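**Q** Questions regarding the structure given below will be posed in turn.
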Amino acid sequence: QFFVFCHGLLQLSQLLVSGYLKSSISTIERRYGLSSQTSGLLASFNEVGNTLLIVFVSYFGSRVHRPRFIGCGAILVSLAGFLMSLPHFITGPYEYDQSVASMFSNTTDLCQPGVPGSRGNLSDAGCTPHAARENHEVLLVMFVAQALLGIGGVPIQPFGISYIDDFASERNSPLYLGILFSVTTIGPGVAFMLGSAMLRFYVDIDKVTGDGVQLTNKDPRWVGAWWLGFLVAASLVAVSAVPYFFFPREMPKEVGEVLRIALLALHTNTSYFPLVLLRNLSHPVYLLVVLAQVNLSAMVAGLATFMAKFLERQFSLTASLANMIIGAVNIPGAMVGIVVGGAILKRFQMSLRQCSAMCVLGMFLCLLMAFPLLFLGCPTQKVAGVTYSESSEFGHRALKCNLQCNCPEKAYNPICGSNAIEYISPCSAGCRVVIINAGNNSVLNYTNCSCISENGLAGFAKPGTCGTGCSHLFLPFVVLSCLAGILASTSHTPSFMLILRSIQPEDKSFAVGIQFMLLRVLAWMPGPVLYGSAIDTTCILWEKKCDRKAACRYYDNNLFRQR
């Protein structure tokens, strides 16, 4: 029982490391200027290390000291977690364009007529060969960490489950495995909650004193302390790894049953490996159900990675709130669905045909719930020069309104004009005066803006984006997406039953192995990358770093939602 407790703890903390990355993905994109395609590849890269090794591990399962192997894997996972946070410590402080001179720079993004046009600003200044190299190093470290995370995770689940199944009594084994399974489903939810907590802190909380931070977490330039969660999760893994080095290679069997022979059919049937593989793949039920699971899992993998980012953009939420919703509403919803599906299955003792009917019904109802989500959202806010050209309204004057300001091209410090139009920076709105709150050095508003005209007078602007004006649709969206998730996940258990009951008993563990292999290669790896690429196609304004595309500043929200 102590082993089961330790294993539950270890699986939970391992999932914290891998799940936490998904919760902070939009923050890491912003901090290091990544496209969603790159961040999607990063998020699924741990599956690569995992897939390459999983076959060997399940094959050698019975010949090694399993607890020790699990411990070593856990130490690798913990190392990977610490590596993930390393970029924060090897790069300088986070720099952003601002209107008030600060410890970073004396440049300002206000309109200053008469200053020559070659005004440098932060995003340009940071383009030395050193900065470009630094960016490659960051990516390299993160990809290596993700690969290690995958490799370290390999022995944890299979060895833990087989060890428990070998030495637990037949009566208790399902209970223990059920406990572990429920921990695995809670894990991602906890990871998103951890993300929600950490992203409330400013990224450079360790490098900058409190009054040096002029951003609030509602600001589009805000970057939360993404690295903090990796330290927490990696430390937890390290602590949970310790007991494994003290468990025996074999335990006395719990009372109640003779030793069961051959954990995996794999060990006995090595010579028949290709034969068994063909026999399973040519089984139509097995093949179809696995393909259906692949389609569903690819969607789940993509959504898990980018759903928070979608909520942030579509409903103008902070990263912290978006993670909170996913961790507290969507993931528990899916868990409820899995449990309900299993309960219905048990209650009505379903035949295989009824199992497949239940899967189809669940999916169909899920589609019905999800269809309105295509329409629940708003277009991107009006951004001058990006989604909205003022020339139509004011004739020719509007285009010239900031010509004499010599604005730096790449400045990004969005402000919301009193005319409800967003400007990329105070300079592009022609604002010449900034009014500051003396107490905490934060910007109150900008005045004397030549591009924002009201009744012929120069208007004013508030810092931060105008937002999408979509907040009234947020609740219906969350409710419907949660319901769709519950309905889709009711098919989880019946689809597993279809696989387990449609194949020959001696192929069972092998077939499940193949199934997970196919899920990894066809769903969990490509899923986030495909989603990320689709999201990238909806970007309308890219941040430029050293003449390469970095992170996306503005998406076409309608396209983002539909695609």
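**Q** So if I check each of Gly467, Gly485, Gly459, which one is crowded, with 20+ Cβ neighbours inside 10 Å, more than 30 Å from Ile344 (Cβ to Cβ) and either in contact (Cβ under 8 Å) with a residue 24 or more places away in the chain or of a type in the set (Asp, Glu) (or both)?
**A** Only one candidate passes the filter, namely Gly459.
**Q** Hey, any hits in segment 117-138 for a residue that's in a loop (DSSP other than H, G, I, E, B), under 24 Å from Phe247 (Cα atoms), modelled with pLDDT under 80 and basic (Lys, Arg)? Outline the logic, then answer.
**A** Residues of segment 117-138 in a loop (DSSP other than H, G, I, E, B): 117-121, 126-128.
Applying the additional criterion that residues be under 24 Å from Phe247 (Cα atoms) yields none.
No, because not a single residue in segment 117-138 is in a loop (DSSP other than H, G, I, E, B), under 24 Å from Phe247 (Cα atoms), modelled with pLDDT under 80 and basic (Lys, Arg).
**Q** Working carefully through the options Ala550, Ala534, find the one that is assigned to a helix (DSSP H, G or I), touching a Lys or Arg at 6+ places or on another chain (Cβ under 8 Å) and surrounded by fewer than 21 Cβ atoms within 10 Å (Cβ to Cβ). It would help to see each step written out before you state the result.
**A** Numbers: Ala550 fails: assigned to a helix (DSSP H, G or I).
Unique residue meeting the criteria: Ala534.
**Q** Can you confirm whether segment 289-300 contains a residue that is under 24 Å from Ser35 (Cα atoms), out of contact with any Lys or Arg (no Cβ under 8 Å at 6 or more places or on another chain) and open to solvent by less than 50 Å² (accessible area, probe 1.4 Å)?
**A** Scanning segment 289-300, I find at least one residue that is under 24 Å from Ser35 (Cα atoms), out of contact with any Lys or Arg (no Cβ under 8 Å at 6 or more places or on another chain) and open to solvent by less than 50 Å² (accessible area, probe 1.4 Å), so the answer is yes.
**Q** Now for a separate question. In the set Leu352, Leu374, Leu367, which member is touching a helix residue (DSSP H, G or I) at 6+ places or on another chain (Cβ under 9 Å), closer than 15 Å to Ala488 by Cα and open to solvent by 30 Å² or more (accessible area, probe 1.4 Å)?
**A** Details: Leu352 fails: closer than 15 Å to Ala488 by Cα; Leu374 fails: closer than 15 Å to Ala488 by Cα.
Just one listed residue meets the conditions, Leu367.
**Q** Here is a further query. Would you please list the contacts, defined by Cβ atoms under 8 Å and residues six or more apart or on different chains, that run from a residue in segment 295-319 that is of a type in the set (Asp, Glu) to a residue that is not in a loop (DSSP other than H, G, I, E, B)?
**A** Glu312/Ser26; Glu312/Ala319; Glu312/Ala322
**Q** Any idea which residue in segment 172-181 is farthest from Gly19 (Cα to Cα), counting only those that are open to solvent by 20 Å² or more (accessible area, probe 1.4 Å) and either in contact (Cβ under 8 Å) with a residue 12 or more places away in the chain or of a type in the set (A, V, I, L, M) (or both)?
**A** Filtering segment 172-181 for residues open to solvent by 20 Å² or more (accessible area, probe 1.4 Å) gives 172, 174-175, 177-179, 181.
Narrowing further to those that are either in contact (Cβ under 8 Å) with a residue 12 or more places away in the chain or of a type in the set (A, V, I, L, M) (or both): 172, 175, 177, 179.
On the way: Asn172: 30, Leu175: 25, Leu177: 21, Ile179: 19 Å.
Only one residue tops the list, namely Asn172.
**Q** Across segment 470-479, what is the total count of residues that are farther than 18 Å from Glu422 by Cβ and open to solvent by 40 Å² or more (accessible area, probe 1.4 Å)?
**A** To start, the set of residues in segment 470-479 that are farther than 18 Å from Glu422 by Cβ comprises 472-479.
Subsequent filtering for residues that are open to solvent by 40 Å² or more (accessible area, probe 1.4 Å) retains 472, 475-476, 479.
Result for segment 470-479: 4.
**Q** Now for a different question. Filtering segment 488-511 down to residues that are of a type outside the set (S, T, N, Q) and open to solvent by less than 40 Å² (accessible area, probe 1.4 Å), which residue is nearest to Leu373 (Cα to Cα)? Reasoning before the result, please.
**A** Step one: filter segment 488-511 for residues of a type outside the set (S, T, N, Q), giving 488, 492, 494, 496-501, 503, 505-508, 510-511.
So of that shortlist, the ones also open to solvent by less than 40 Å² (accessible area, probe 1.4 Å) come out as 488, 494, 498-499, 503, 507, 510-511.
Details: Ala488: 15, Pro494: 26, Leu498: 30, Ile499: 32, Ile503: 38, Asp507: 41, Phe510: 39, Ala511: 36 Å.
Among them, the one singled out is Ala488.
**Q** Scan segment 74-96 and report the pairs whose first residue is closer than 17 Å to Arg30 by Cα and whose second residue is of a type in the set (Val, Ile, Thr) and not in a helix (DSSP H, G or I), with Cβ atoms within less than 6 Å and a gap of 6+ or a chain change.
**A** Once the first residue is closer than 17 Å to Arg30 by Cα and sits in segment 74-96, its partners that are of a type in the set (Val, Ile, Thr) and not in a helix (DSSP H, G or I) give Tyr94/Val203; Tyr94/Val223.
**Q** Yes or no: segment 250-266 includes at least one residue that is surrounded by 17 or more Cβ atoms within 10 Å (Cβ to Cβ), at pLDDT 75 or above and closer than 30 Å to Tyr176 by Cα. Step through it out loud before you land on a result.
**A** Taking segment 250-266 as the starting set, the residues that turn out to be surrounded by 17 or more Cβ atoms within 10 Å (Cβ to Cβ) are 263-266.
Then drop every residue that is not at pLDDT 75 or above, which leaves none.
There is no residue in segment 250-266 that is surrounded by 17 or more Cβ atoms within 10 Å (Cβ to Cβ), at pLDDT 75 or above and closer than 30 Å to Tyr176 by Cα.
**Q** For segment 74-84, check the following and say yes or no: at least one residue is closer than 25 Å to Met299 by Cα and at pLDDT 90 or above.
**A** The initial filter retains those residues of segment 74-84 that are closer than 25 Å to Met299 by Cα, namely none.
So far as segment 74-84 goes, no, none of its residues is closer than 25 Å to Met299 by Cα and at pLDDT 90 or above.
**Q** For the list (1) under 16 Å from Tyr96 (Cβ atoms); (2) touching a residue at least 60 places away in the same chain (Cβ under 8 Å); (3) open to solvent by 30 Å² or more (accessible area, probe 1.4 Å), I need the number of the one condition that Ile205 fails.
**A** (2)
**Q** Starting from residues that are farther than 15 Å from Trp524 by Cα and of a type in the set (Phe, Trp, Tyr), keep the ones in segment 289-343 and report whichever is farthest from the chain's Cα centre (by Cα).
**A** For segment 289-343, the residue satisfying everything is Phe315.
**Q** Quick one: in segment 405-440, of everything that is touching a strand residue (DSSP E or B) at 6+ places or on another chain (Cβ under 8 Å) and aliphatic (A, V, I, L, M), which residue is surrounded by the most Cβ atoms within 10 Å (Cβ to Cβ)?
**A** Ala429
**Q** Looking only at segment 189-197, decide whether some residue is among the small types (Gly, Ala, Ser), open to solvent by 10 Å² or more (accessible area, probe 1.4 Å) and touching a helix residue (DSSP H, G or I) at 6+ places or on another chain (Cβ under 8 Å). Give the steps one after another, and end with the answer.
**A** Within segment 189-197, the subset among the small types (Gly, Ala, Ser) is 189, 191, 195-197.
From what's left, open to solvent by 10 Å² or more (accessible area, probe 1.4 Å): 197.
Still in the list and also touching a helix residue (DSSP H, G or I) at 6+ places or on another chain (Cβ under 8 Å): 197.
Yes, segment 189-197 contains at least one residue that is among the small types (Gly, Ala, Ser), open to solvent by 10 Å² or more (accessible area, probe 1.4 Å) and touching a helix residue (DSSP H, G or I) at 6+ places or on another chain (Cβ under 8 Å).
**Q** To continue, here is another question. Considering only segment 142-171, how many residues are open to solvent by less than 30 Å² (accessible area, probe 1.4 Å) and either in a helix (DSSP H, G or I) or without any contact (Cβ under 8 Å) to a residue 60 or more places away in the chain (or both)? Break it down into steps so the answer makes sense when it comes.
**A** Start the filter on segment 142-171 by keeping residues that are open to solvent by less than 30 Å² (accessible area, probe 1.4 Å), which leaves 142, 145-147, 149-150, 152-156, 159-160, 162-164, 167-169.
Remaining after also requiring either in a helix (DSSP H, G or I) or without any contact (Cβ under 8 Å) to a residue 60 or more places away in the chain (or both): 142, 145-147, 149-150, 152-153, 156, 159-160, 162-164, 167.
Number satisfying all stated conditions: 15.
**Q** Here's a check for you: in segment 338-380, which residue that is of a type in the set (Ser, Thr, Tyr) and either in a helix (DSSP H, G or I) or over 23 Å from Pro476 (Cβ atoms) (or both) is modelled with the lowest pLDDT? Write out each step before concluding.
**A** We begin by selecting, within segment 338-380, every residue of a type in the set (Ser, Thr, Tyr); these are 351, 356, 380.
Keeping just the survivors that are either in a helix (DSSP H, G or I) or over 23 Å from Pro476 (Cβ atoms) (or both) gives 351, 356.
On the way: Ser351: 87, Ser356: 93.
This residue is Ser351.
**Q** Let me ask you something else. Within the bounds of segment 60-71, is there any residue that is open to solvent by less than 50 Å² (accessible area, probe 1.4 Å), modelled with pLDDT of 90 or more, under 24 Å from the mean Cα position of the chain (by Cα) and of a type in the set (Gly, Ala, Ser)?
**A** Taking segment 60-71 and keeping what is open to solvent by less than 50 Å² (accessible area, probe 1.4 Å), we get 61, 64-67, 70-71.
After this cut, where a residue has to be modelled with pLDDT of 90 or more as well, the list is 67, 70-71.
Narrowing further to those that are under 24 Å from the mean Cα position of the chain (by Cα): none.
There is no residue in segment 60-71 that is open to solvent by less than 50 Å² (accessible area, probe 1.4 Å), modelled with pLDDT of 90 or more, under 24 Å from the mean Cα position of the chain (by Cα) and of a type in the set (Gly, Ala, Ser).
**Q** Read through the list (1) of a type outside the set (A, V, I, L, M, F, W, C); (2) under 37 Å from the mean Cα position of the chain (by Cα); (3) open to solvent by 30 Å² or more (accessible area, probe 1.4 Å); (4) modelled with pLDDT under 90, then give the number of the only condition that Tyr286 fails.
**A** Tyr286 satisfies every listed condition except (3).
The values are calculated or read from the model by the stated rules, or taken from the named source; none is laboratory data. Quick caveat: nothing in here was measured; it's all calculated off a predicted structure. Counting neighbours? That spans all protein chains shown, and the Cβs are built from the backbone with ideal geometry, glycine included. The accessibility values were calculated without ligands, DNA or RNA, using every heavy atom of the protein model including side chains. Shrake-Rupley method; radii C 1.70, N 1.55, O 1.52, S 1.80 Å.
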